[in-house]
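Chemist: Please find one structure pasted underneath; my questions will follow.
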Amino acid sequence: MILGDRDSICVVVPTRNESGNIETLVTRLDTSLSDQTAEILFVDDSTDTTPDRIREVAGEFDRTVRLIHRTGPDRTGGLGGAVLAGLRETDADWVVVMDGDLQHPPEVAFELVTTGIATGADVVVASRYAGTGSADGLASPVRAAVSGWATTLAKVTFPRRLADCSDPMSGFFAVRRSSVDLDRLRPQGFKVLLEIFARTPRLQVAEVGFEFQDRHSGESKASLREGLLYARRLASLRAATIFGRRSAAVAKIAGFAAVGATGILANSLALWFVFSVLHLDLLVAAVLATQVSTTWNFILTDRLVFTGSKRGSTWSRFLGFAVVN
Ligand code: GDD
Ligand code: MN
């Protein structure tokens, strides 16, 4: 299938220390894209010789192979930030996002775009869990289990937006660039596709099954830290889509209310203890119980709800809190 002028393609490849993979990747992509108007754009955050390797390899092909090399403070958002930088850089109609380590077979890249054109979809996800897909290339059973859990968690959090997507964790997909508002994306770290789904209502989704391969060379950059970041990210994404720009304030109010509810419990317990167990006067018991619940509320609020930068010492904040109470 040869595509029309309005179907130009850019393959965005985020890379971090992948020098051993560049040549094979570009060779296989170049072959499978054959006569298409398609460029390859690396967005690289490497600290090794990967950018040099990309420039060398680029010279060996007729196809346009471009490089954005981000250094130091420019490496915002890690992998997700790199993908967004690529999406902003190109004006192609279709952008394919894929890993640079050949775990995503380059031959599937073009199929994602033709599927999008044939079905009218906005996003075509290369899925490990659809059709003939498989996740066998995941490094370990632990990694596979974590990935499965992450997928379930995402689908529970966004049941409607992810209804047609079996693999929201996939880092391999094609997107019709005009269908997403790039200014709304705030990708951090690994889960770019999820960010696109969460921030874009009414996306038409199609899928192509694929077999997740073993890494060609080098090592994975996924980490426990990425995993923990993921859970937090999911929660704040959900809050953002419900409450829009007010989501941070809403989260604080909800936290404050939750602490208040536990405070009522603490107050009742203290009252019962002082009045019924210690047999003190009811008025004295009420005053003491109030001190207990105020202190309780202060500690939880100060530690869990207002976690940002704080003014004054803990004691002065406590005094202010107690007076207001
Ligand atoms: N520019 C840039 N900056 N690229 C990065 C960064 C970064 O900070 N971190 C990783 N990359 C690149 C890698 O060089 C590679 O090309 C790609 O992003 C994926 O990174 P890997 O380290 O190979 O990730 P993985 O194989 O563990 O995870 C992949 O599979 C997951 C599914 O299990 C990714 O595709 C995930 O997005 C996907 O969820
Ligand atoms: Mn990988």
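Chemist: Taking only DSSP H segments of four or more residues, each worth -39500 (n - 2.57), what value at 222 nm results for the chain once the sum is divided by all its residues, to the nearest 500 deg cm²/dmol?
Modeler: -14500 deg cm²/dmol
Chemist: Most mobile of 302, 35, 181 per a Gaussian network model of the chain (Cα springs, under 10 Å)?
Modeler: 302
Chemist: Sticking with this one: Between residue 61 and residue 89, what FRET efficiency follows from the Cβ-Cβ distance if R0 is 25 Å, with the result rounded to 0.05?
Modeler: According to the calculation, E is roughly 0.85.
Chemist: Taking a threshold of 31 Å on the Cα-Cα distance, which of the pairs 191/252; 155/310; 221/310 fall above it?
Modeler: 155/310; 221/310
Chemist: Given the Cα-Cα distance of residue 74 and residue 318 and 0.36 nm per residue of separation, how much length would full extension add, in nm?
Modeler: Computed gain between residue 74 and residue 318 is 83.8 nm.
Chemist: Okay, moving on. Sort 212, 173 by accessible area with a 1.4 Å probe, largest first.
Modeler: Most to least solvent-accessible, the answer reads 212, 173.
Chemist: Oh, and also: Taking a probe of 1.4 Å, how large is the accessible area per residue of segment 69-213, in Å²?
Modeler: That works out to 42 Å² for each residue.
Chemist: Further question: State, to one decimal in nm, how far the label point of residue 134 lies from the label point of residue 299, with both points 7 Å from Cα in the Cβ direction.
Modeler: In this crude label model, residue 134 to residue 299 measures out at 5.4 nm.
Chemist: Take residue 156 and residue 282, extend 7 Å from each Cα along the Cα→Cβ direction, and tell me the distance between the two endpoints in nm.
Modeler: Using points 7 Å along Cα→Cβ, the separation is 4.6 nm.
Chemist: Please give the net charge around residue 134, taking every other residue with its beta carbon less than 10 angstrom from that of residue 134, where Lys and Arg add +1 and Asp and Glu add -1.
Modeler: With Lys, Arg at +1 and Asp, Glu at -1, the neighbours total -1.
Chemist: Still on this structure, I have one more. So which residue, out of 151, 37, 307, gets the largest mean-square fluctuation from a GNM of the chain using Cα contacts under 10 Å as springs?
Modeler: 307
Chemist: Taking amide H positions as placed in the peptide plane 1.01 Å from N, state which residues far from residue 66 in sequence (5 or more) or on other chains have amide H under 5 Å from it.
Modeler: HN-HN under 5 Å from residue 66: 40, 41, 42.
Chemist: Once the mean 1/r over all distinct Cα pairs of segment 117-169 is inverted, what Kirkwood radius in angstroms do you read off?
Modeler: 12.3
Chemist: So, one more: For a Förster distance of 35 Å, can you work out the FRET efficiency between the beta-carbons of residue 307 and residue 184, rounded to the nearest 0.05?
Modeler: Computed FRET efficiency for residue 307 and residue 184 comes out at 0.85.
Chemist: Using a basic spin-label model with each label point 7 Å from the Cα along Cα→Cβ, how many nm lie between residue 291 and residue 245?
Modeler: 4.6
Chemist: Could you please state how large a percent of the accessible area of segment 71-196 is carbon and sulfur, counting protein chains only and using a 1.4 Å probe?
Modeler: Here it works out to 53 percent.
Chemist: Ignoring ligands, DNA and RNA, what percent of the 1.4 Å accessible area of segment 245-301 is carbon and sulfur?
Modeler: Carbon and sulfur: 78 percent of the exposed surface of segment 245-301.
Chemist: Related question: Put 272, 94 in order of accessible area, largest first, 1.4 Å probe: what do you get?
Modeler: So, going from the largest accessible area down, we get 272, 94.
Chemist: Take the chain, connect every pair of alpha-carbon atoms lying under 10 Å apart with a spring to form a Gaussian network, then pick out the residue of 264, 196, 117 with the largest mean-square fluctuation.
Modeler: Highest fluctuation among the options: 264.
Chemist: In a shell of Cβ-Cβ distance under 13 Å around residue 311, excluding residue 311 itself, what net charge do Lys and Arg (+1) and Asp and Glu (-1) give?
Modeler: Counting the neighbours of residue 311, the net charge comes to +1.
Chemist: Which loop trypsin sites (Lys or Arg not before Pro) in segment 120-204, with loop taken from DSSP, have no more than 13 other Cβ atoms within 10 angstrom of their Cβ?
Modeler: Sparse-neighbourhood loop trypsin sites (Lys or Arg not before Pro): 160, 202.
The values are calculated or read from the model by the stated rules, or taken from the named source; none is laboratory data. These numbers come from a predicted model, not from an experiment. We place every Cβ from the backbone using ideal geometry, glycine too, and count neighbours over all the protein chains shown. Accessible surface areas use protein heavy atoms only, side chains included; no ligands, DNA or RNA. Shrake-Rupley method; radii C 1.70, N 1.55, O 1.52, S 1.80 Å.
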